[in-house]
Amino acid sequence: MIKYSELKNILKQHNLRVTDCRMDVLEYFIKNNQAFSFKNLEDEFEKYDRVTLYRTLNSFTENGVFHKIPSDTGVVTYGVCSTTCSPQSHNHNHMHFQCNCCGKIECLAEDQIPEIKLPHYEVMEVDMIIKGMCPQCI
Ligand SMILES: [Zn+2]
Ligand SMILES: [Zn+2]
Ligand SMILES: [Zn+2]
């Protein structure tokens, strides 16, 4: 379970003021350890209005707390960034896993990327989605 003070620190490190909405959203992501869409948050946090939730996601994305995960369904989900992301440097080299059974999307650890060899190309970012069944669904 993540502590209140740790959540506060994450916000501070990313130049974000502490608000109830930011704390709740961040805790929800970290606690569940998976990616969520704007719609998921709307359903979960009925006490906050859409604009507040939207702004929270936006400020998190801009300041390096969350990153967007594209998917073929057109629904953007958001994942928690690694601690090294900041407003200035916000890039990722990890893959995502999408479960075909429960629909859950997760960030995989950076060291779970196979080495990519592309002679004559310079790889700057790896953005792949692996699909299959998550451990809970197998
Ligand atoms: Zn990031
Ligand atoms: Zn699953
Ligand atoms: Zn991710």
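None of the figures in this text is laboratory data; all of them are computed from the coordinates on show. Values in this document were obtained by computation on a predicted structure and should not be read as measured data. When we count neighbours, we look across all protein chains shown, and the Cβ atoms used for this are built from the backbone with ideal geometry, even at glycine.
Of the residues Tyr48, Tyr78, only one is within 14 Å of Asp20 (Cα to Cα) and in contact with a helix residue (DSSP H, G or I) (Cβ under 8 Å, 6 or more places away or on another chain); which?
Numbers: Tyr78 fails: within 14 Å of Asp20 (Cα to Cα).
Just a single option satisfies the conditions, and that option is Tyr48.
Summed over the stretch 89-112, the residues that are part of a loop (DSSP other than H, G, I, E, B) and either over 30 Å from Asn15 (Cα atoms) or more than 16 Å from ligand 1 (Cβ to nearest atom) (or both) give a count of 5.
When the stretch 94-122 is limited to residues that are closer than 18 Å to Ser82 by Cβ and among the hydrophobic types (A, V, I, L, M, F, W, C), the one that is nearest to ligand 3 (Cβ to nearest atom) turns out to be Cys107.
Determine, yes or no, whether Ser86 is within 12 Å of ligand 3 (Cβ to nearest atom), in a loop (DSSP other than H, G, I, E, B) and surrounded by 13 or more Cβ atoms within 10 Å (Cβ to Cβ). Here the answer is no, as Ser86 does not meet what is asked. Within the stretch 59-74, one or more residues are without any contact (Cβ under 8 Å) to a residue 40 or more places away in the chain, over 13 Å from Asp127 (Cα atoms), within 14 Å of ligand 1 (Cβ to nearest atom) and not aromatic (Phe, Trp, Tyr). Checked against (1) surrounded by fewer than 16 Cβ atoms within 10 Å (Cβ to Cβ); (2) within 16 Å of ligand 3 (Cβ to nearest atom); (3) closer than 25 Å to Cys137 by Cα; (4) over 12 Å from the mean Cα position of the chain (by Cα), Asn40 passes all but condition (1).
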